[in-house]
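Quick notes on the structure that follows.
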Amino acid sequence: MLNVGEQAPGFTLCDQNGKEVSLEDFAGQKAVLYFYPRDNTPGCTRQACAFKTMYEEYQKRGIAVIGISRDSVKSHSNFAAKYELPFVLLSDPQLQAIQAYDVWKEKKLYGKVSMGVVRTTYVIDETGKIVWAKEKVKPDTNAEEILEVILDSREQ
């Protein structure tokens with residue numbers, strides 16, 4: 001996992017519409033990067049829908065929300081349409097950002113060991129620095145937790 005204070009690694013990936021999106025496209029505003037294992041799975045769907053519910057609050061504060069997984073552009077397109085997700089979903093089948101952000105890890109499920117994306121969220125500030133990071137986030141509370149962290153940091 002990358003550390004708070006580090007420069008966020010740059011990337012260019014395709015979104016759910018096939019358009020190339022780079023981290024630098026969000027320079028000058030805060031961005032939430034949330035890495036998740038797979039479209040249309042129960043936890044990932046709950047997490048995406050939680051961000052959808054809170055999205056207006058993020059927009060009011062000029063904060064971009066970006067979901068990243070290994071899924072294809074087509075999978076992201078279907079996922080975004082099915083749940084009416086208003087934010088960017090980036091396809092990373094080559095693990096460019098996933099590995100750069102150190103979220104590709106060994107996972108154990110029912111005694112079976114495999115490699116996969118560990119549900120992790122980063123908040124990147126206006127200058128491209130990581131200001132908050134947490135792995136193994138809870139899908140149901142992640143969106144609200146991050147907004148509280150951002151609001152708390154603005155009050156200090």
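Structure summary
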read-out	value
Flag if ALA80 is open to solvent by less than 60 Å² (accessible area, probe 1.4 Å) and within 21 Å of GLY5 (Cβ to Cβ)	no
Number of positions in the stretch 7-53 that are open to solvent by 70 Å² or more (accessible area, probe 1.4 Å), more than 20 Å from MET115 (Cα to Cα), of a type outside the set (Ser, Thr, Tyr) and not in a strand (DSSP E or B)	7
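The values are calculated or read from the model by the stated rules, or taken from the named source; none is laboratory data. Computed from a prediction, not measured in an experiment: that's the story for all the values here. Backbone-built Cβ (ideal geometry, glycine too); neighbour counts: all protein chains shown. Accessible surface is based on the protein model in full, side chains and every heavy atom, while ligands, DNA and RNA are left aside. Shrake-Rupley method; radii C 1.70, N 1.55, O 1.52, S 1.80 Å.
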